[in-house]
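Comments concern the structure below.
The values are calculated or read from the model by the stated rules, or taken from the named source; none is laboratory data. Since this is a predicted model, take the numbers as computed values, not measurements. Here Cβ is always computed from backbone atoms with ideal geometry, including for glycine, and neighbour counts include all displayed protein chains. Heavy atoms of the whole protein, side chains included, go into the accessibility calculation; ligands, DNA and RNA do not. Shrake-Rupley method; radii C 1.70, N 1.55, O 1.52, S 1.80 Å.
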Amino acid sequence: MVTQRPHPIIAYTEVTGAHAPRRIDLTAIKALDATDSAELPTVFARSRNELTLAVSARTEPTPFVWRNAEYDEVHFVQEGEFDYVTDWGTLTAKPGDFVFLPRAASYRVVPTTTSALRVIIETPEAIALNPQAVPGMINPARSVSRPDATRTSDASGETTLLIRAADGITRFTMPEDPLALTAIVSGQAPVWKVNLAEVQPVTYLPLGGPPSHFAETPTKDLLLYTMSARPGGRPPQHHNADYDELVFYFRGPGPYGGLTEPGLGFWIPKAVAHWGPSEDVEGGYLAWLLESGGTIRLTPEGLAASELMETSYFHPLRSGGSPEQAGPQSHLS
């Protein structure tokens, strides 16, 4: 439904309460594994449907093998390079890569650079490429990579295995490394990656239109999109009745509204009106969007690295509200 109203629906001068849009600086989250390799990633947001988002700044190899018994994982590499040593060989991940790790996959993360930053998503549902998106948005033969089975684990001797379940972590001590591999006899490795730059934005010229997601869970509680630069008009003012939206700016050179520094992002809860800035930006930029059907709340660590935000250009909220204050506007709801 499209309506016209006498005033912008996005303007507010202050907000009190938990259901409020915030800018998030991923680089400001105090990731515990940055200084202690035995620590796990630091959770900065959770949904009521058990989706979690965490940050890792690990620069030393994990001193254990990790296996998630109940959650699929997506790792987005913001900064640094990593070898994911898995049950099926080694997958090298670079900035802009989404790495997909299904439940029960075992892996060890080995950073190969001196700086590192990743966003780690966990979901109780299985994650898959959106079948409708694959032909046009992603070229599977060119853009989807899987582990190299000839690059197996070179560790030996006693190994710690951590298995995560919904009620916590169980630690196993094993006499040998469970990641050691001789050969893949049949089948295809379920671990894979795709780079954000390889996901093609969808647009509807001349006016533009909503983005299309490239990965999803069966109930569509989690949807992943590219929010990178594309031609078309500025989106209408609207609110999302079904999903919380989290957008993360990967890199420029162009800005996405008030997001100009790599690692900046924002969270807009469902039912909160917003007006995205133009995506037709000179020089272009790369960004991605996560939609969560379960309402999101930031953890104390996330709140400490965030600030209240206006919902037009995604600048910090200042007295006086959003920049657009005048004239009737069209709204989509």
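Data for the structure
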read-out	value
Checking R151 against (1) farther than 15 Å from V191 by Cβ; (2) assigned to a loop (DSSP other than H, G, I, E, B); (3) of a type in the set (D, E, K, R), the condition it does not meet	(1)
Failed condition for A155, given (1) at pLDDT 95 or above; (2) surrounded by 14 or more Cβ atoms within 10 Å (Cβ to Cβ); (3) small (G, A, S)	(1)
Enumeration of residues in region 60-105 that are among the aliphatic types (A, V, I, L, M), within 14 Å of L162 (Cβ to Cβ), open to solvent by 10 Å² or more (accessible area, probe 1.4 Å) and touching a residue at least 40 places away in the same chain (Cβ under 8 Å)	A69
Flag for E50 being on the phi > 0 side of the Ramachandran plot, touching a residue at least 24 places away in the same chain (Cβ under 8 Å) and either part of a loop (DSSP other than H, G, I, E, B) or open to solvent by less than 50 Å² (accessible area, probe 1.4 Å) (or both)	yes
Close pairs (7 angstrom Cβ cut-off, 6 or more residues apart or separate chains): open to solvent by 50 Å² or more (accessible area, probe 1.4 Å) in region 125-143, assigned to a helix (DSSP H, G or I) anywhere	P140/V134
Which listed residue is more than 27 Å from P140 (Cβ to Cβ), at pLDDT below 95 and either among the β-branched types (V, I, T) or touching a Gly at 6+ places or on another chain (Cβ under 9 Å) (or both), from L259, L207, L264	L207
Conditions (1) surrounded by fewer than 12 Cβ atoms within 10 Å (Cβ to Cβ); (2) in contact with a strand residue (DSSP E or B) (Cβ under 9 Å, 6 or more places away or on another chain); number of the one not met by L207	(2)
Hits in region 11-20 - residues which are aliphatic (A, V, I, L, M), open to solvent by less than 60 Å² (accessible area, probe 1.4 Å) and either under 20 Å from T295 (Cβ atoms) or not in a loop (DSSP other than H, G, I, E, B) (or both)	V15, A20
Residue tally, condition part of a strand (DSSP E or B) and either under 10 Å from L207 (Cβ atoms) or among the acidic types (D, E) (or both), over region 224-241	0
Count - residues of region 152-199 that are within 25 Å of the chain's Cα centre (by Cα) and among the aromatic types (F, W, Y)	1
Condition met for L223 (open to solvent by less than 20 Å² (accessible area, probe 1.4 Å) and within 23 Å of R318 (Cβ to Cβ))	no
